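> Structure incoming, see below.
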Amino acid sequence: MSYTLAEAAKLSNDVLQAGVIELFVRDDPILEQLPFIDIVGNGLTYNVETTEPTAKFYDVGDTWVESTGTVTPTTAVLKILGGDADLDNFLKATRSNINDLKAEMIAAKVKALRYQFLTKFFYGYLTGDPKEFDGMHYLINSYLAVDSSYNVVPVGTNITTPAVLKLSKLEEAIDKVKGYKPDLIAMSKMMKRYINAYLLAAGGISYDDRANKRVQTLFSIPVSASDYIKDTENCDKDFGTYFGYEPTTPAATSDTSTSIFVLSFGPKQCCGCQNGTITTVPLGDLETKDASRFRIKWYVSCMLQSIISCSKVTGVDPDGAVGA
């Protein structure tokens, strides 16, 4: 069974811990929907179907041809994400509202954790940095070798030049999600602004009421503008192994390109895994300075078991005029 972080917070008896989880997921559409599988141990091995079996019609007396799909075993290895925060004892003794000071300190550390997790959710690359997990940019096509036809729509016109977005290309990426209903279209804020400029000129933006709030939709799918998707991606790997993003260049600033992700969430789709949830540990007074220390930590990773449950459009010019 998998829980979102918000649901896990309801099951926690630790008031501070529940507050940390609530802060972590607040106002982020990915964390609000991303389910997490609790596992025992430091990793979860799962099979990814990389080649589908085929079937055909036969005549009487024909020789039958065997066709079996192939799976690639992979492991989502848990990584340690966390940080320490110190509360100065002098401020603790002299400030009239201790809880507010502590809450501000914890909130700042939670913000840092959220930044790291969501950055690696898109751009993590285990081979490039063994301390982090593989993110969606890599997971979406890591099993496809040089065939992007399953779930990647590259639009760059050559090895360094991104192309303007046509919404038909986004619709093509949505069509590549098979057997699952997409839950979210994630893009950069700049990309969303230029899409909305086109939509307003073409007749208007569509909205839907979901979970007591109004959300923008495209092709009846909620749209999210993410602070963590870059407008400076490399686009020269449309034309190589990683199709739109070169994970061995973590800065990803060689081209003015971006990507749009079509995500479906679930245990077999885009999913997180963890050993326990986010925890806060009071470490007590320090020997080297007059302060008390709190540690916030999380043993976490991401996985994508079905490669046709998510897709992406890469090599997009984020500030180009959007077309049909």
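The values are calculated or read from the model by the stated rules, or taken from the named source; none is laboratory data. Everything quoted here is computed from the prediction, not taken from an experiment. Every residue, glycine among them, receives a Cβ derived from its backbone with ideal geometry; neighbour counts consider all protein chains shown.
> Is it the case that segment 16-34 has a residue that's loosely packed, with under 10 Cβ neighbours inside 10 Å, at pLDDT below 80, β-branched (V, I, T) and in the same structural domain as D290 (by TED's automatic domain parsing)?
no
> Find all pairs meeting these conditions: Cβ atoms under 8 angstrom apart; at least six residues apart or on different chains; first residue within segment 64-76 and farther than 30 Å from V40 by Cα; second residue exposed (fewer than 11 other Cβ atoms within 10 Å of the Cβ) and aromatic (F, W, Y).
What qualifies is W64/Y58.
> Collect the residues in segment 257-267 that are of a type in the set (S, T, N, Q) and not in a strand (DSSP E or B), keeping them in residue-number order.
Hit for segment 257-267 is S264, nothing else.
> Quick check on this structure: which one of D209, D175 is acidic (D, E), out of contact with any helix residue (DSSP H, G or I) (no Cβ under 7 Å at 6 or more places or on another chain) and more than 23 Å from C271 (Cβ to Cβ)?
One residue alone meets the criteria, D209.
> Could you list, in sequence order, the residues of segment 44-66 that are of a type outside the set (V, I, T) and modelled with pLDDT of 85 or more?
A55, K56, F57, Y58, D59, G61, D62, W64, E66
> So, of the residues in segment 268-307 that are among the polar types (S, T, N, Q) and in a loop (DSSP other than H, G, I, E, B), which turns out to be surrounded by the fewest Cβ atoms within 10 Å (Cβ to Cβ)? Write out each step before concluding.
First, the residues of segment 268-307 that are among the polar types (S, T, N, Q): 269, 274-275, 277, 279-280, 288, 292, 301, 305-306.
Now narrow it down to the ones that are in a loop (DSSP other than H, G, I, E, B): 269, 275, 277, 288, 305-306.
Numbers: Q269: 23, N275: 16, T277: 23, T288: 5, Q305: 20, S306: 20.
Top of the filtered list is T288.
> Go through segment 53-69 residue by residue and tally those that are surrounded by 11 or more Cβ atoms within 10 Å (Cβ to Cβ) and among the charged types (D, E, K, R).
0
> In addition: Which condition number in (1) surrounded by fewer than 21 Cβ atoms within 10 Å (Cβ to Cβ); (2) of a type outside the set (D, E, K, R); (3) at pLDDT below 90 is the one that Y242 fails?
Answer for Y242: the failing condition is (1).
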